[in-house]
Amino acid sequence: MFDEYDNNNIFARILRGEIPCKKVHEDEYTLAFEDINPQAPVHTLVIPKGRYISMKDFSATASDAEIAGLIRAVGKVAAMKGLKESGYRILANAGPNSHQEVPHLHIHVFGGQPLGPMLVKK
Ligand code: AMP
């Protein structure tokens, strides 16, 4: 599953401007936009501009500047969304067990209400 980067995945198409998004932030390394199906009052996605499938390849092959850029953008987006005091949760799915749906690395930023326990209990 997701062995090779798919240039036509939906976030690649957003990065190319082929599909619209509600942009929150953009810089040299990242784009942040509102999730189309929000799971909390704030649900923003932060993605690297590079061709990375998940944290698996990003952590192994991205440059230090790209890694720093993504983490700094997450902090910036959380602040822009007014979550610095109330707090927030970040989440990045990677691979089959995680239920990753879009094969371009994305960090979810959730907030705006108490978010409950970290994982659904079985
Ligand atoms: P994941 O399950 O971690 O891969 O999450 C994929 C996320 O992408 C889901 O929360 C979707 O609602 C979101 N999503 C899918 N298509 C779009 C889109 N066109 N614009 C914004 N968010 C999207």
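Remarks
- Globularity ratio of region 10-111, using Cα Rg and 2.2 N^0.38 Å: 1.00
- Among the protein heavy atoms, those of ILE19 account for about 40 Å² of accessible surface (1.4 Å probe, every chain in place).
- For the chain: accessible area per residue (Å², 1.4 Å): 63
- Surface composition of region 1-103: carbon and sulfur atoms hold 50% of the protein heavy-atom accessible area at a 1.4 Å probe.
- A cut-off under 12 angstrom between Cβ atoms defines the neighbours of ASN7, and their net charge, with Lys, Arg +1 and Asp, Glu -1, is 0.
- A full extension of the chain between SER63 and SER86 corresponds to an added length of 5.1 nm, given 0.36 nm per residue minus the alpha carbon distance.
- Here the gap between ARG51 and ILE10, fully extended at 0.36 nm per residue and compared with their Cα-Cα distance, gives a gain of 13.5 nm.
- Using the Cβ-Cβ distance between HIS25 and ASP3 with R0 set to 22 Å, the FRET efficiency from 1/(1 + (r/R0)^6) comes to roughly 0.15.
The values are calculated or read from the model by the stated rules, or taken from the named source; none is laboratory data. Please read all numbers here as calculations on a predicted model, not as lab measurements. Positions of Cβ are backbone-derived with ideal geometry, glycine not excepted, and every protein chain shown enters the neighbour counts. In case anyone asks, the SASA skips ligands and DNA or RNA and just uses the protein heavy atoms, side chains included. Shrake-Rupley method; radii C 1.70, N 1.55, O 1.52, S 1.80 Å.
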